[in-house]
Amino acid sequence: MNRPVRMVRLAAFAVAAVGLMAALVAPPSFADDMKAPSAAEQQKALSMVPEGARGSYDHYWTFSPIFPNPYAGWTPPKPPWQICESDSNLAQSWRADLYSELQKLNAQYNKAGLTKDKVLVTDSNNNISVQLTQFNNLVRQGCNVIIAIPSTPTGLCSGMADARKQGVLTVTVQSAVSCNDAINVGSNQYTGAKRMTQWVAKEMGGKGNMMFVLGVPGISTTVSTLAGAQAGLEGTSIKTVATLYGFWSPAPAKTEVVKWLTTHAGTPVDGIVSAGDMATAIDQALVQFGRKLVPQADGTNECAYIAHWHDKKLHSFALSAGGGSNGYEAFYVAMRMMFGQQPVVNTLWFELPGIDDAEAAKLYKPGMTEQSTSWCDPPDHHLVADNYFDQFFKGGKPLDPKPNP
């Protein structure tokens, strides 16, 4: 992976891992019981979503409320714009890939005289208080666009409200916030998790024991993923025997699975749903305990798992959701708004491409290993066609130039 942040990620991982493991021992007490709106409230919220996109908003409340566009009446500042990123865990390879993509896209717009030369970035190591302070500092440093990956659904809300009042555009990526002071961009974690779980459940014949290995406990992404995964088991006799949290990182994920296997020697595991960048490590833990590999669906498309898939001749399923591709979608939405286009809602979701055995075979390239840190994105690095977003926007000017992922 020829990425400028590779050395940053490697240098930061040792420090970040300490914080991750501490959090695994004592997870933060985030509120994770998002209640379903009434039928009338659901209908009102979905009426704001373009009809062609509503299929991506099933159980939207488990991930994010739907509000009208919070930037209605907002006038973008004149270029050159300062692009910034507020990250909650840059040491994770998915985040490093996203940051690299933002640098690449920013360079294209800098060449056109539309952005400043550097993307300012902060990393809070999953400490929301630190991230809020960093976010506020980015506003004070003159950021015009902040691409954010919050570590809780509400922890940055005060900073986002202040940023919006000062004319700063905030766009979240796959970590939606529940306040209406940012534009949420990504895929509905509920529908993606349900889709993965249904695939594994079918491979299990609708019976047996399921293990979930998710990301950071309590944040909107994980809450919605768990809700969708549980929904995917409806109509089966499958039992959930473990719900573990690996913070989307191989080492913590393997540690948690090893701990569970150590204390559950007699409990079979017949299928696994993992939230991303952990599937290979999970299988390594199974092998370490002499367990057989079982059907697993992975929430992302890291090349380490594609190599593992190829080498072990697995029958598996994954979602294409690399950090770089997600970074592109967020940047693309942000630029449409900087060109004066206005979204009709605050939350813009799309369905992720799926990866089956045949697609995984196409993505595999010689040289990929289980230690690879790159991501097997679609060849065009799009998760959805650019024109999918046309239905969400009105007014403004066309993008010129268009970003090239």
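Considering only residues that are in contact with a strand residue (DSSP E or B) (Cβ under 6 Å, 6 or more places away or on another chain) and surrounded by fewer than 23 Cβ atoms within 10 Å (Cβ to Cβ), which ones fall in the stretch 188-211? Answer for the stretch 188-211, where residues must be in contact with a strand residue (DSSP E or B) (Cβ under 6 Å, 6 or more places away or on another chain) and surrounded by fewer than 23 Cβ atoms within 10 Å (Cβ to Cβ): Trp199, Met204, Asn209. With the structure loaded, tell me whether Thr369 is under 25 Å from Tyr71 (Cα atoms), modelled with pLDDT of 95 or more and of a type in the set (Val, Ile, Thr) or whether it fails that test. Against the criterion (under 25 Å from Tyr71 (Cα atoms), modelled with pLDDT of 95 or more and of a type in the set (Val, Ile, Thr)), Thr369 does not qualify. Among the residues that make up the stretch 306-324, is at least one of them among the β-branched types (Val, Ile, Thr) and open to solvent by 10 Å² or more (accessible area, probe 1.4 Å)? There is no residue in the stretch 306-324 that is among the β-branched types (Val, Ile, Thr) and open to solvent by 10 Å² or more (accessible area, probe 1.4 Å). I'm trying to understand the selection: among the residues of the stretch 260-298, which are open to solvent by less than 10 Å² (accessible area, probe 1.4 Å), of a type outside the set (A, V, I, L, M) and closer than 21 Å to Gly205 by Cα? Passing the criteria: Gly271, Ser274, Asp283, Gln296, Asp298.
Answer yes if at least one residue in the stretch 119-126 is within 21 Å of Met335 (Cβ to Cβ), open to solvent by less than 30 Å² (accessible area, probe 1.4 Å) and in contact with a helix residue (DSSP H, G or I) (Cβ under 6 Å, 6 or more places away or on another chain), and no otherwise. Yes, the stretch 119-126 contains at least one residue that is within 21 Å of Met335 (Cβ to Cβ), open to solvent by less than 30 Å² (accessible area, probe 1.4 Å) and in contact with a helix residue (DSSP H, G or I) (Cβ under 6 Å, 6 or more places away or on another chain). Return the pairs, sorted by first residue and then second, in which the second residue is open to solvent by 10 Å² or more (accessible area, probe 1.4 Å) and of a type in the set (Ser, Thr, Tyr), the first residue lies in the stretch 321-348 and is within 23 Å of Ala96 (Cα to Cα), the beta carbons are less than 6 Å apart, and the residues are 6+ apart or on different chains. So the pair list comes out as Ala321/Thr300. Of all residues in the stretch 383-394, at least one satisfies being surrounded by fewer than 20 Cβ atoms within 10 Å (Cβ to Cβ), touching a Pro at 6+ places or on another chain (Cβ under 9 Å), touching a residue at least 60 places away in the same chain (Cβ under 8 Å) and more than 20 Å from His308 (Cβ to Cβ). Among the residues of the stretch 245-269, those identified as farther than 18 Å from Leu293 by Cα and touching a residue at least 24 places away in the same chain (Cβ under 8 Å) are Tyr245, Gly246, Phe247, Trp248, Ser249, Ala251, Pro252.
On inspection, Ser29 qualifies as modelled with pLDDT under 95, of a type in the set (Ser, Thr, Tyr) and open to solvent by 50 Å² or more (accessible area, probe 1.4 Å). Against the conditions (1) open to solvent by less than 10 Å² (accessible area, probe 1.4 Å); (2) within 19 Å of Val173 (Cα to Cα); (3) without any contact (Cβ under 8 Å) to a residue 40 or more places away in the chain, Asn136 satisfies every one except (1).
The values are calculated or read from the model by the stated rules, or taken from the named source; none is laboratory data. The model shown is predicted, which means the values in this text are computed figures rather than measured ones. Cβ: placed from backbone, ideal geometry, glycine included. Neighbour counts: every protein chain shown. Surface accessibility is based on the protein's heavy atoms, side chains included, excluding ligands, DNA and RNA. Shrake-Rupley method; radii C 1.70, N 1.55, O 1.52, S 1.80 Å.
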